1. Pick out the one residue from 38, 76 that is over 22 Å from residue 8 (Cβ atoms), aliphatic (A, V, I, L, M) and either more than 16 Å from the chain's Cα centre (by Cα) or not in a loop (DSSP other than H, G, I, E, B) (or both).
2. Would you mind stating whether residue 58 is in a helix (DSSP H, G or I), more than 30 Å from residue 92 (Cβ to Cβ) and of a type outside the set (Ser, Thr, Tyr)?
3. So, in segment 53-73, exactly how many residues are at pLDDT below 95 and within 12 Å of residue 14 (Cβ to Cβ)?
4. Pairs under 9 Å by beta carbon, first residue on the phi < 0 side of the Ramachandran plot in segment 2-16, partner of a type in the set (Gly, Ala, Ser) and modelled with pLDDT of 95 or more, six or more apart or different chains?
5. Scan segment 45-93 for residues that are on the phi > 0 side of the Ramachandran plot and either free of Cβ contacts under 8 Å to residues at least 12 places away in the same chain or of a type in the set (A, V, I, L, M, F, W, C) (or both) and jot them down.
Amino acid sequence: MWRSKAPIRPQARFLLHGVSLNFPQNTNLEEKQLEERLKGLRIDIENIAKVVAANTGKSSEEVTQAMLDRTTLNPLEAQEWGLVHEIKVELFPPTVEVISIQYQEQPK
C-alpha cells in the first residue's frame, strides 16, 4: 500500500475535493463543448479516485463521494485512511542545530 513517507504534524489537515474548471469571462460554449468539458472533469475525478482507492484500500466510490463532499480529514483520520504513515509532534530531533538564514540586502 502506498503511503506518504513524510511525517505529518498534528496541526495538518487533508481536504479531499473534486476537480474544478475555470472559464474566462464572456466565454461562450456550445452544448457539445460544455458536455466535453464536463466529461473531462468526470474522468479526472474518476482517475484521481482510482489512484487514491488503489493506495488506501478504500473503494473508488467511497473516495469519489468524499471528494464530492469536500471531506476534510485531521491527521488521525488521514492515517486511518492510509494517506500517511506517521504523525510527528517534533519538527526535528532536539539534538539538531537550527541555523537561521536571513536575506540581507547588499549595499549598492
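1. None of the other options fit; the residue is 38.
2. It is false that residue 58 is in a helix (DSSP H, G or I), more than 30 Å from residue 92 (Cβ to Cβ) and of a type outside the set (Ser, Thr, Tyr).
3. Going through segment 53-73 one residue at a time, the tally reaches 1.
4. 16/66
5. none
Okay, residues lined up against (1) surrounded by 12 or more Cβ atoms within 10 Å (Cβ to Cβ); (2) over 22 Å from residue 19 (Cα atoms):
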{"site": "35", "(1), (2)": "no, no"}
{"site": "60", "(1), (2)": "yes, no"}
{"site": "79", "(1), (2)": "yes, yes"}
{"site": "82", "(1), (2)": "yes, no"}
{"site": "85", "(1), (2)": "yes, yes"}
{"site": "96", "(1), (2)": "no, yes"}
{"site": "103", "(1), (2)": "no, yes"}
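The values are calculated or read from the model by the stated rules, or taken from the named source; none is laboratory data. Keep in mind it's a predicted model, so treat the numbers as computed, not measured. In this analysis, Cβ positions are derived from the backbone assuming ideal geometry, glycine residues included, and neighbour counts consider all displayed protein chains.
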